[in-house]
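Here is the structure we will look at.
Laboratory data are not the source of any read-out in this text; all were calculated from the coordinates shown. Since the structure is predicted, the reported quantities are computational estimates derived from the model, not experimental observations. Every residue, glycine as well, gets a Cβ built from its backbone with ideal geometry; the counts of neighbours run over all protein chains shown.
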């Protein structure tokens, strides 16, 4: 693509159209751009457009986004259509000055684009970058152009972030050394010069803001450079750095801080970055840091006492408390040992931070999903409530008794205040509950916990139960949520009779209008159903939920009608769990399937929440499986309900749901008695559309469905060239290592279920495509699958058929395959059914085939026996080496649904050799029988070709079945 | 057969990702951004305050340090350079003596430890004059004094060291056999200071041919010369490019000389020589394999057993650790668990673990971790020694970096080397005994985002506890020690490896069954 007025015009128009509300021009523009992206110098042209002042800002912004995304997919040399080196060089030359002169929104995009390049090229392939940034930084500082200063620092910050998440190694240290050599000293001088400017700008709020942001970025760069090790330069200049850091913790900047919440937040971000840095030094460079420690503890402490008493300032509070927590677990823990200090910590830091704030209440009401994520699912590591508890835990590491005593007293205190005036002081009770739950130690099996702070049973009885028994399901919702959370967390410790007495109340809370409350109620029931005694025995069974099943399901489906809970995953998960456990009578099954189908139809409109959707499909699969297995007469009713929805998914191309739909269809096909009803045969034909097989997420589900058809209706295959189509799919799958195994899953049922006469004409073609694959890229998995296929063929259609069919490709081919593939790799077969099948087939070959009984083939015979004995006598983990999974990059095209297996729509493993119970016995018996016919012939062959260990194993096998080989 | 057969790589995927790394020998990384503490103190550059000459009485004649004020000395320095300038241009009788006197005055001023007036001397144009004084055919005494001046200039700041550039070929030339011992030693000293400055200067010196003459200086038994040459060499070969180390080991007689000096010499000389061994073994596989064919490990271990001072122990530990991590032969054959040498090294290492110096503790733990990566018999030997109780104490209370090294030792002790199939197995009695002695908390402390390698070894150990402790006790122990919170910190971490490991641990041991059969 050449840069000229036409290109400019073309690209401008495209980017303008991508913003169009009309789908038609938008799609066309997107298509044009994606086609153009394949031409060389496209990236360069877009970048030039971004830089073109005459073009509308909106268009340039959209171009900048496109540019960044273009680099993301194509900068890596291993991508399908990489950007050429020449174009890359030009982009690298242009991007820094462009970024610095751009407007803020474009600057942000270009800075990200630069980071994308940096991830691959910096520093080795882009030696000019850091010196360029350094000299620009100096110029910008001298010119007091702080917008550019911040642009440069932000870029450096994103370039250096890679030092924060890689293991130490020589190459990464070399990169770090390069960055330190070039940027450590400039960073310090930048910090010092900005510090001077901050003092000078004390009253100029706008400038001060930029400067404080600049210092924050410098702190983040400091963090990246110090993460892996303490660099010499920073050790030598520790005094200077620490005095800067302390400055920002102790100084106030009224012009910014007092100008509103965002001003305060800006300064707090800087202080938080400082806290991160000193925490890191405290943790890893304690020796260097100790002389600064007490000064910093004092500074952080004073800051915290003020911040804890004010609303907001969450981020600062969290990082500051984190610092104190690290100190409390270090060798300097004695700093916190004094009774007075401990008292202050609990009273002035912990309690104020655990106490609910207005913003917590707001989140509870406005965004229940986020509230739950933090409150219940452990994503609260960065909340002040949680981190305050972490500080207590940290101190408790050395002063457990003192902490337990103080916290128990605080809990008592809170409850007493609540008792005085429950309506006004309810937050104190919430605080008490939160402390108990958060200070509990997590235990295995999900989220169960234990605590020393209170006696769980009596706390439950006196504090929690009254809340759960409250009649108004909408009153004091945060307390109700806290009580439900407590019940859920301590579910293992609450004795069953007590829990059972409350279950009805929990079911009642499902009808609360408050999203958190009905979600917690659902979650509580779901988790209770998972409680196991002694690790195996479910504590609550169908008998326990039977009596309230109808109202439970009614309330659950009712909750899905509440505003914002239409796709509530906690509710759907609970439905799924109940359906897995409860006894499902037709009276329950019928409203359930109707309810679930209604929900399904709704989410098909616009699939949003994958967890919800997965639970939904899993719930349907469970219901179908459990209800229909028990009562096959339900099948038609279920079909009537479900099939239209599934057909709609296919017709409307709701591609996200394809894998689920195929699995459910397979389940339905399995439930039918042959012959399969005609409406399914339409689906069979859809299934053979080659396009569907192009998406990797569809493949396992399609294979699953195809198998069901092949087993239920093998003869249908003969009609209308379907077999040819199926074999075409097999060919396609087996040609790629990533889907080869699926290919065999298609082929095996054909071999197993069809007569040889039907497939004879195709066999030669099948073998030759397999052997070609074998020649071109022989993977261990391919070899295993092939041995299993040949074994299956052998036991189903006979030895001679197998041999002839393979030899029809090329004379004597079977002998070659046996010698080079089958025998050497027999021992790599895994899985009970597979081992059994291949052992039986191999033994049959050994004892019944003239080819091997030919005296000239005695070496082959001996080797095959050796392989069989290894397979039968050694456990899998000793025979097989782990093989690394080779990632497959070949097929990332466009949107991909992912395949998720539905646990309840699974297929039971079919054993093609049900008549043989013990493959060892079978094999040894066959062998003993053979040796009786040819007395004396085999022992010398065994002595010669079977390894001593296997000879011993064989002898042992014979003895255990009381058989002999003579 | 059927589609639901799980893929065949399902077996124990967690063992693959988690267990193995505990049994690796670890080499120190060649690149470092941190301050080289031990060397910054004693090594990199040295001021030469007292003469090294033995036969020039004049050198020490009337050399009282006079406590003049700095400004006075400053003007004295520029005056001394002026004097030298005059002396150099003077052609008459006593020309040599004049030069020597002027040089001696300058050298005296440059040898003051508090205020070496290097900057003044350089500004006054000392370098070209000193270069002239080094010219071929000059009297030994003159060359010696000039080299001495250069030595102390090179001991200064990087810029000052770089000022020597024009004199380097001459300094190198005077290393040759034709020079007197004292001259070559003084030149070696100057060059050692230059080599200590930067990678670039090291490369330059090597390209100008400094390596071989310095190496040859190590061969005779002359204590002082050998010491200086060894020190200069250790600066010259310390990388990061391994070629110099490989070249050094190939110089005739060097290997024998190293062994001889290590075995017989006084402690100072042996220390310098062992620093050479440190860099040889750290950088060059060729050098390591040459050294392995000698009895060097025995010699080092004997030295270690006899040493009590920090400066001499550090390079001995470092050399031993390098030799072990570079080549499995060391641990497998030389340090056979049945040999007395192995008991001896473990005793010495235990002594270091008890030392006051954190550096010794850390280094000793590193060496021990390499022995602990050996055979099961090695592991048993360590477990029977007093080292284990020391390690457990350190894990509980030492600073972070020592803890991390100790964690590697204990981790290695719990896992047997990989069998033929590439999968290591657990040494249950060791694991159980460590865990009973409370080591789990120490490992869990390491699982912090502050240091990723530490987090990795911590997670590995947690996995061992979960998998190995009898009666499924592992889960409860990990829970009780706050392990779940620690693991969860990594469930969304940017490091792929740690994120995957944390995910696997949570899923395999602490997750809930999603599907739940009836």
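Overview of values
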{"quantity": "Nearest 10 degrees, 0 to 90: helix A:948-960 Cα axis against chain A principal axis", "calculated": "70 degrees"}
{"quantity": "Residues residue A:13 and residue A:73, FRET efficiency given R0 of 22 Å [Cβ-Cβ distance, rounded to 0.05]", "calculated": "0.45"}
{"quantity": "Acute angle (nearest 10 degrees) that the helix A:678-687 long axis makes with the longest principal axis of chain A, alpha-carbon atoms", "calculated": "70 degrees"}
{"quantity": "Added length on full extension, which subtracts the Cα-Cα distance from 0.36 nm per residue, residue A:916 to residue A:550", "calculated": "127.1 nm"}
{"quantity": "Peptide A:56-64, shielding by other chains (average Cβ, 10 Å cutoff)", "calculated": "0"}
{"quantity": "Packing-based exposure ordering (other Cβ within 10 Å, fewest first) of A:227, A:520", "calculated": "A:227, A:520"}
{"quantity": "Estimated 222 nm signal from helices in the protein assembly as shown, with DSSP H stretches of n ≥ 4 weighted -39500 (n - 2.57), rounded to 500", "calculated": "-21000 deg cm²/dmol"}
{"quantity": "Whole-angstrom gap from the stretch B:351-389 to the stretch A:683-732, using each part's C-alpha centre", "calculated": "62 Å"}
{"quantity": "Efficiency of FRET from Cβ geometry, residue A:637 and residue A:178, R₀ 51 Å, rounded to 0.05", "calculated": "0.10"}
{"quantity": "Modelled label reach - residue A:34, point 7 Å along Cα→Cβ, the stretch A:94-109 residues with backbone N closer than 19 Å", "calculated": "none"}
{"quantity": "Cβ-based exposure ranking for A:922, A:160, in which fewest neighbours within 10 Å come first", "calculated": "A:922, A:160"}
{"quantity": "Gained length - residue A:237 relative to residue A:258, 0.36 nm times residue gap less alpha-carbon distance", "calculated": "4.3 nm"}
{"quantity": "FRET efficiency estimate (nearest 0.05) - Cβ-Cβ, residue A:382 to residue A:496, R0 51 angstrom", "calculated": "0.90"}
{"quantity": "Tilt relative to chain A, helix A:286-308 - C-alpha long axis, 0 to 90 degrees, to 10", "calculated": "70 degrees"}
{"quantity": "Whole-Å distance, taken between Cα centres, linking the stretch A:586-662 and the stretch A:796-819", "calculated": "46 Å"}
{"quantity": "Approximate spin-label separation residue A:457-residue B:178, in nm, with each point projected 7 Å along Cα-to-Cβ", "calculated": "10.0 nm"}
{"quantity": "Inter-site label distance for residue A:423 and residue A:89 at 7 Å from Cα along Cβ, in nm", "calculated": "8.0 nm"}
{"quantity": "Spin-label pair residue A:347/residue B:308, simplified geometry with 7 Å Cα→Cβ offset, distance in nm", "calculated": "5.6 nm"}
{"quantity": "Average partner coverage of B:400-410, which counts Cβ from other chains inside 10 Å", "calculated": "1"}
{"quantity": "Residue order, fewest to most surrounding Cβ atoms within 10 angstrom, among B:119, A:377", "calculated": "A:377, B:119"}
